[in-house]
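The values are calculated or read from the model by the stated rules, or taken from the named source; none is laboratory data. Keep in mind the model is a prediction, meaning the values are calculated, not measured. With ideal geometry, Cβ positions are generated from the backbone for all residues, glycine too; neighbour counts draw on all protein chains shown.
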Amino acid sequence: MSDRPADRGRRGFLGRFGKMLAAAAALFGTFAGTSIAAIARAAAAARARFPATGPVPGYDWTKHRWAFGVDATKCIGCLRCAEACKVENKVPFNPHEFRTWVERYVYLEGEEKPHVDSQDDPGDVAAAGTLLNYRFDDRYRNAKVEKAFFVPKLCNHCENPPCVQVCPVGATYKTPDGVVLIDKNYCIGCRYCVQACPYGARYFNDQTNTTDKCTWCYHRITKGLNPACVEACPAGARIFGDLDDPASPINEFIRSHPVRVLKPWTGNGPNVYYNGIDSEVS
């Protein structure tokens, strides 16, 4: 099933706070001793914390619409992307906390369902032998493999992100340029967003007591650079660009491949477009 991006209008994130606050009041009452009035004050402060052009000086977030592409036919499972992301974004070096990760799908002869593992699988952790680098083991060396491929995954920066809807204090918000961010100054560590994400793209950072996830390296893309994972990929499997620029790499990728998104039935409107995956990938 193909899912190409429509000419979506830009939606500001500020209008979401009213609905979010009402939902928080109705559903949660209080959270960890925090009153609804306190949540309201935090949300009001969140609404006013950025100027209209965004939080990065010299960058206008109303003039871009970012999106990401993944070509699974090119991914070689080297995991350099995951390592580069950890270094760039100061993600803890352990096998279980990742802003981006890679899954291996292996179909064995006579079996309909794939075997799936990623870099946090115990066998793959043992094969790496260190927490500083990652690799896939060779468990299928003597198996009869009919088909195999690697699938990089990351935050989908959805058009209608459920994580934004459930955040009771406005710490998670969607920017006009299509990126879903977390303001660590407002995050209270409730982890509602972790539970709400159907893609498993968020984790709780015990060092900061806040939620974390892929931001498409917002600090880089607002300066005209690619995300760190795109720069590190030796096979060109990761593509990034501006949907409002017809000549951008992401538009070229979408035009030339039968792309699809993960779990389109959720209505979330993911903005990560995949080529070369099958229906078992979700």
In segment 133-159, the residues that are farther than 16 Å from residue 261 by Cα and assigned to a loop (DSSP other than H, G, I, E, B) = 133, 134, 135, 136, 137, 138, 139, 140, 141, 142, 143, 144
Which one of the conditions (1) among the β-branched types (Val, Ile, Thr); (2) modelled with pLDDT under 95; (3) in a helix (DSSP H, G or I) does residue 130 fail to meet, given that it meets all the rest?
-> (3)
Test residue 273 against the criterion of being assigned to a strand (DSSP E or B) and closer than 16 Å to residue 70 by Cα, and give yes or no.
-> yes
Restricting the first residue to segment 114-135 and requiring it to be at negative phi and crowded, with 17+ Cβ neighbours inside 10 Å, which pairs with a second residue that is at pLDDT below 95 and among the polar types (S, T, N, Q) meet a Cβ separation below 6 Å and a spacing of at least six or different chains?
-> 134/119
Unique residue being in contact with a strand residue (DSSP E or B) (Cβ under 8 Å, 6 or more places away or on another chain), part of a loop (DSSP other than H, G, I, E, B) and surrounded by fewer than 21 Cβ atoms within 10 Å (Cβ to Cβ) when the list is 168, 92, 176 = 92
Subset of segment 179-205 (residues that are at negative phi, surrounded by fewer than 20 Cβ atoms within 10 Å (Cβ to Cβ) and charged (D, E, K, R)) | 183, 184
Restricting attention to segment 232-269, which residues are under 24 Å from residue 88 (Cα atoms) and out of contact with any strand residue (DSSP E or B) (no Cβ under 9 Å at 6 or more places or on another chain)?
-> 234
Pick out the one residue from 120, 137 that is within 22 Å of residue 229 (Cα to Cα), modelled with pLDDT under 95 and of a type in the set (Asp, Glu).
-> 120
Within segment 209-256, restricting to residues that are hydroxyl-bearing (Ser, Thr, Tyr) and part of a strand (DSSP E or B), the one that is nearest to residue 197 (Cα to Cα) is 211
Limited to segment 220-265, what total is found for residues that are surrounded by fewer than 16 Cβ atoms within 10 Å (Cβ to Cβ) and closer than 18 Å to residue 159 by Cβ?
-> 3
Can you work out which of the residues in segment 207-219 that are without any contact (Cβ under 8 Å) to a residue 40 or more places away in the chain and farther than 18 Å from residue 173 by Cα is surrounded by the fewest Cβ atoms within 10 Å (Cβ to Cβ)?
-> 209
